[in-house]
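Let me begin by handing over the structure; questions about it come next.
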Amino acid sequence: MKTTGTPFDQLAKETWLAILAHGATVKEQLEVRARSQWVDLMYVPDPARLGELAAFGLAERLAAEGPGLLEFFHRAPSVEDVLRCMQKQIELRRRRKSRREAPRLWLLCGGCPSKALRELGFVRDVDWPEGVYRGAPGFLVRLVVAGELPATRETLLLRLLGAGRVLRDAFAELRALPRDAPERGLALDIVLRLLPEARESQTQKAREFLMVSQEFVEQWKRELIEQGVAQGREEGREEGVEKGMRETLELQLEKKFGALGVEVGGRLRAASHEEIVRWLERILVARSIDEVLDG
């Protein structure tokens with residue numbers, strides 16, 4: 001099976017898996033042929049749910065064009081990379097009864113593959129924002145360069161595929177969104193899931209991922225504590241602050257680990273302010289409740 005790749009590859013794949021699940025049937029790691037060729041994601045849009053994708057920028061428009069394949073490249077793909085992806089698309093097209101059922105191929109790239117664009121005849125697609133290229137009409141292929149997309153909310157989740165400054169700017173824009181923004185919540189859930197593995201890894205890519213996502217995560221930690229404080233202050237007493245923070249901690253533990261046992265509930269009720277704050281911070285990287293309370 002195709003390997004998972006770097007944290008950046010995981011971020012890209014899991015982001016679009018989560019987005020498209022709102023309005024399509026999505027398969028990941030789809031095997032194309034016996035020689036173990038794998039497609040990152042394949043989706044078939046559900047017309048009844050397409051409107052749910054409107055909150056995620058260009059995702060609704062992308063899915064509305066029909067079945068598709070998504071291939072992710074944190075850096076610029078080579079000519080051979082693009083040809084291999086097209087080969088997988090052609091193999092899947094052979095299995096379809098009509099052109100209407102043929103999947104469109106989307107290559108979502110962090111860097112600009114100048115050589116591949118030139119040698120394979122891609123041209124700027126004037127019907128889409130800057131940074132989107134198309135192959136010859138019969139190929140049903142589009143290539144998106146994250147670093148060339150306009151810096152708008154519509155393209156924000158596509159720009160999470162970028163590298164360097166493009167990715168840092170995308171995280172900064174996520175931080176500036178309202179707390180209840182769907183893009184912010186979706187990206188945060190994925191980043192939090194990837195953090196423990198990235199922290200344990202010693203690779204350069206893992207360290208880069210931790211660095212670029214650090215401020216985004218730190219902001220979430222501050223907001224989590226502030227949420228508990230604000231909830232408690234509504235009761236008008238200092239004890240209410242502790243209660244609000246304790247309830248916020250309990251909610252986050254249940255969200256990540258499921259129902260809490262009697263013993264854990266007792267420890268939460270008896271916890272000091274310092275312990276609650278420390279446990280709220282540990283939720284980020286913990287793989288179990290024990291790691292939160294005893295780590």
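What is the range 51-156 by shape, rounded, prolate or oblate, if you read a ≥ b ≥ c off the alpha carbon gyration tensor as root eigenvalues and call it rounded for a/c under 1.5, prolate for a/b larger than b/c, and oblate otherwise?
In terms of gyration-tensor shape, oblate.
Which whole-number percent gives the relative contact order of the range 50-110, counting Cα pairs below 8 Å spaced six or more residues apart?
Relative contact order, the range 50-110: 44 percent.
Let me ask another. Using a Cα-Cα cut-off of under 15 Å, which aspartates and glutamates could be cross-linked to residue 243, ignoring same-chain neighbours fewer than 8 residues away?
226, 234, 235, 274, 275
Okay, next question. What list of ³J(HN,Hα) couplings, whole Hz, do you get for the range 174-182 from phi and the Karplus terms 6.51, -1.76, 1.60, once you set θ to phi - 60° and write x for glycine and proline?
Running phi through 6.51 cos²θ - 1.76 cosθ + 1.60 with θ = phi - 60° gives 4, 4, 7, 6, x, 4, 9, 5, x Hz.
Over the chain, with every protein chain in place, what whole percent of the accessible area is carbon and sulfur at 1.4 Å, could you tell me? Intermediate results must be reported in sequence, preceding the final value.
Values: 7350 of 14610 Å².
So the carbon and sulfur contribution to the accessible surface is 50 percent.
Sticking with this one: From the convex hull of the Cα coordinates of the range 120-206, what is the mean projected area in square nanometres?
7.6 nm²
Only Cα pairs under 8 Å and at least 6 apart count here; give the relative contact order of the chain as a rounded whole percent.
Numbers: 453 pairs, mean separation 37.7, N = 295.
So the answer I get is 13 percent.
Still on this structure, I have one more. Return the sequence-ordered ³J(HN,Hα) values of the range 79-87 in whole Hz as given by the Karplus equation 6.51 cos²θ - 1.76 cosθ + 1.60 applied to θ = phi - 60°, using x for Gly and Pro.
Ordered by residue, 3J(HN,Hα) equals 4, 5, 4, 5, 5, 5, 5, 5, 4 Hz.
Can I ask one more? Two decimals is fine: what's Rg over Rh for the chain, C-alpha atoms, Kirkwood radius as Rh? Walk me through the intermediate numbers first.
On the way: Rg = 21.8 Å, Rh = 21.0 Å.
Reported Rg/Rh (Cα atoms, Kirkwood Rh): 1.04.
What list of ³J(HN,Hα) values in whole Hz, one per residue of the range 7-13 in order, does the Karplus curve 6.51 cos²θ - 1.76 cosθ + 1.60 (θ = phi - 60°) give from phi, with Gly and Pro shown as x?
x, 5, 4, 5, 4, 4, 5
Which of the trypsin sites (Lys or Arg not before Pro) across the range 50-119 are loop residues per DSSP, with 11 or fewer other Cβ within 10 Å?
When the trypsin sites (Lys or Arg not before Pro) of the range 50-119 are filtered for loop state and at most 11 Cβ neighbours within 10 Å, 95, 97 remain.
With a cap of 14 neighbouring Cβ atoms within 10 Å, and only residues DSSP puts in a loop, list the GluC sites (Glu not before Pro) found in the range 47-132. Provide the component values of the computation, followed by the final result.
Working: sites: 52, 60, 65, 71, 80, 91, 101, 119, 130; in loops: 65, 130.
Within the range 47-132, the qualifying GluC sites (Glu not before Pro) (loop, at most 14 other Cβ atoms within 10 Å) are 65, 130.
Would you mind computing, in nm to one decimal, how far apart the modelled labels at residue 291 and residue 87 are, each placed 7 Å from Cα along Cα→Cβ?
Once both label points are built, they end up 3.9 nm from each other.
The values are calculated or read from the model by the stated rules, or taken from the named source; none is laboratory data. From a predicted model like this one, the values you see are computed outputs, not experimental measurements. No Cβ is skipped: glycine too gets one built from the backbone with ideal geometry, and neighbour counts run over all protein chains shown. Quick note on the areas: whole protein, heavy atoms, side chains included, nothing else; ligands and nucleic acids left out. Shrake-Rupley method; radii C 1.70, N 1.55, O 1.52, S 1.80 Å.
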